[in-house]
Amino acid sequence: MKGERRRRQVARTVLVVGEGDAEVCFLQHLKALYVLRGSGIVVTIKNARGKGAAHVVDFAVRQSRNAAYDLVVALLDTDADWNDQTRAAARKGRVEIAPCQPCLEAVLLSVHRAPVQGRSTLQLKHDFEARFGGAAHETAVWRHFTPEALDAALPRVAVLRSLRQVLLAAEWFPAE
């Protein structure tokens, strides 16, 4: 009928802050796979440019003040500056944490069932480059992380489960 207006659904907005270039590339890859156009979810990805977990949380809090996001998530490594004070700052700033223990490369290697226990961040980064032919911030490595590989890893990789839920439903379920 003429004059009748369709009600528009308000989109849920999500801000996801990555610690550095590798985390942002990973988040963009996941967004391309899981956030469908017209899904009612708008995801903004920002880069905190490193400097440890405390800086990432602070950056996420400051960025969340610029717009009214329904959900704010920080994807960060736990190898630097991850402590009770940083956790408290995240709670106070209403920032959910997606921790990569000890680093993003450990999470990504876990997707492909590579051993990560007892290895240092430096060893994990070298293992990642040797296995996938480049660093995690290089776009060529993402071809190894197909939807099938990621979905198969969901039961084993808690941080991946949490991020997928954020991208599909704009809801937070903490990583164990």
Residues being touching a strand residue (DSSP E or B) at 6+ places or on another chain (Cβ under 9 Å) and free of Cβ contacts under 8 Å to residues at least 24 places away in the same chain: count how many of those fall in the stretch 73-90. 1
Assuming Ala135 fulfils every condition listed in (1) surrounded by fewer than 20 Cβ atoms within 10 Å (Cβ to Cβ); (2) touching a residue at least 60 places away in the same chain (Cβ under 8 Å); (3) within 30 Å of Arg12 (Cα to Cα) apart from one, which condition is it? (3)
Considering only residues that are part of a helix (DSSP H, G or I) and touching a strand residue (DSSP E or B) at 6+ places or on another chain (Cβ under 8 Å), look in the stretch 91-135 and name the one that is farthest from Leu75 (Cα to Cα). Thr121
State whether the residues of the stretch 91-109 include one that is more than 18 Å from Val17 (Cα to Cα), among the aliphatic types (A, V, I, L, M) and over 20 Å from the mean Cα position of the chain (by Cα). no
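Conditions (1) under 15 Å from Leu30 (Cβ atoms); (2) among the hydrophobic types (A, V, I, L, M, F, W, C); (3) at pLDDT 95 or above; (4) in contact with a Gly (Cβ under 9 Å, 6 or more places away or on another chain), marked per residue:
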{"residue": "Gln85", "(1), (2), (3), (4)": "no, no, yes, no"}
{"residue": "Arg91", "(1), (2), (3), (4)": "no, no, yes, no"}
{"residue": "Ile97", "(1), (2), (3), (4)": "no, yes, yes, no"}
{"residue": "Cys103", "(1), (2), (3), (4)": "no, yes, yes, no"}
{"residue": "Val111", "(1), (2), (3), (4)": "yes, yes, yes, no"}
{"residue": "Ala114", "(1), (2), (3), (4)": "no, yes, yes, no"}
{"residue": "Ser120", "(1), (2), (3), (4)": "no, no, yes, no"}
{"residue": "Arg131", "(1), (2), (3), (4)": "no, no, yes, no"}
Checked the stretch 163-172 for anything of a type outside the set (Asp, Glu) and either surrounded by fewer than 20 Cβ atoms within 10 Å (Cβ to Cβ) or over 17 Å from Leu109 (Cα atoms) (or both); matches are Arg164, Gln165, Val166, Leu167, Leu168, Ala169, Ala170, Trp172
Name, by its number, the condition in (1) surrounded by fewer than 16 Cβ atoms within 10 Å (Cβ to Cβ); (2) more than 20 Å from Leu15 (Cα to Cα); (3) touching a residue at least 60 places away in the same chain (Cβ under 8 Å) that does not hold for Asp70. (2)
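Across the stretch 31-45, what is the number of residues that are buried (at least 16 other Cβ atoms within 10 Å of the Cβ) and charged (D, E, K, R)?
Going through the stretch 31-45 one residue at a time, the tally reaches 1.
The values are calculated or read from the model by the stated rules, or taken from the named source; none is laboratory data. These figures come from a predicted structure and were not determined experimentally. For neighbour counting, all protein chains shown are included, and Cβ atoms are generated from backbone atoms with ideal geometry for every residue, glycine included.
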